[in-house]
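Colleague: Input: one structure, supplied below.
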Amino acid sequence: MTRVVVAARACIFCSIVRGEAPAHVVLDEPDALAFLDVHPLFPGHCLLVPRAHVEVLTDLPTELVGPLFATAQRLARAVESALSADGYFVAINNRVSQSVPHLHVHVVPRRQKDGLKGFFWPRHKYSSEREMDEVRDAIVTAYGGS
Ligand code: DGP
């Protein structure tokens, strides 16, 4: 069964989508929004979310899967370029290990020997709000936005 809700009151990602909660937004499109993860694996770690509130990938209407992943593809390209990365990781936790129950695609810049092993991934903090602003701006520019 497909479960789509336009917005869930208590959902932090819906609040970000509505512009009520702060976020470093890197892309803002009719069906999707992407912003920096506040607990990044590395600077530039983004979360891409559909605007509509669905919990997991299997709740997303099939006709929205292609467009969401086309956006993920463009975002991955921008993240890789903006962070001068060697590659990138794209992943979705569905229910297990999913801490926010609003579908989100992790797009993470990767470097050779960056220390990520298996799925034990220590998180790193941004050194400042300014660093976060700069990383956001670099991705927005690489994505071709304003
Ligand atoms: P997951 O564990 O796969 O559900 O990833 C959820 C991610 O969401 C986690 O890496 C931290 C991030 N996150 C949680 N709350 C917020 C928030 O309020 N703002 C932002 N930007 N990221 C958040």
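Coordinate-derived values only; no laboratory data. Computed from a predicted model, the values in this text were never measured in an experiment. Ideal geometry is used to build each Cβ from the backbone, glycine not excepted, and the neighbour counts take in all protein chains shown.
Colleague: Would you check which residues across segment 84-98 are closer than 21 Å to Val26 by Cα, near the ligand (Cβ under 9 Å from one of its atoms) and small (Gly, Ala, Ser) and list them?
Modeller: Ala91
Colleague: Of a type outside the set (Phe, Trp, Tyr), within 15 Å of Thr141 (Cβ to Cβ), within 16 Å of the ligand (Cβ to nearest atom) and in a helix (DSSP H, G or I), is that true of Leu75? Steps first, please.
Modeller: Values: of a type outside the set (Phe, Trp, Tyr): yes; within 15 Å of Thr141 (Cβ to Cβ): yes; within 16 Å of the ligand (Cβ to nearest atom): yes; in a helix (DSSP H, G or I): yes.
Yes.
Colleague: Here is a follow-up. Please determine, by comparing only the residues of segment 3-27 that are surrounded by fewer than 19 Cβ atoms within 10 Å (Cβ to Cβ) and touching a residue at least 60 places away in the same chain (Cβ under 8 Å), which one is nearest to the ligand (Cβ to nearest atom).
Modeller: Going through the qualifying residues, I end up with Ile12.
Colleague: Among the residues of segment 34-71, write down those that are more than 10 Å from the ligand (Cβ to nearest atom), part of a loop (DSSP other than H, G, I, E, B) and under 21 Å from Gly87 (Cβ atoms).
Modeller: Result: Phe42, Pro43, Gly44.
Colleague: Of everything in segment 86-110 that's of a type outside the set (A, V, I, L, M, F, W, C) and under 20 Å from Tyr143 (Cβ atoms), which residue is surrounded by the most Cβ atoms within 10 Å (Cβ to Cβ)?
Modeller: If we filter segment 86-110 for residues that are of a type outside the set (A, V, I, L, M, F, W, C), which is where we start, we get 86-88, 93-95, 97-99, 101-102, 104, 106, 109-110.
Within this subset, residues satisfying the condition of being under 20 Å from Tyr143 (Cβ atoms) are 86-88, 104, 106, 109-110.
Details: Asp86: 12, Gly87: 12, Tyr88: 22, His104: 21, His106: 18, Pro109: 26, Arg110: 16.
The selected residue is Pro109.
Colleague: Got a sec? Which of Ala72, Ala82, Ala32, Ala78 is touching a residue at least 12 places away in the same chain (Cβ under 8 Å) and in contact with a Lys or Arg (Cβ under 8 Å, 6 or more places away or on another chain)?
Modeller: Numbers: Ala72 fails: in contact with a Lys or Arg (Cβ under 8 Å, 6 or more places away or on another chain); Ala82 fails: in contact with a Lys or Arg (Cβ under 8 Å, 6 or more places away or on another chain); Ala78 fails: in contact with a Lys or Arg (Cβ under 8 Å, 6 or more places away or on another chain).
Only one candidate passes the filter, namely Ala32.
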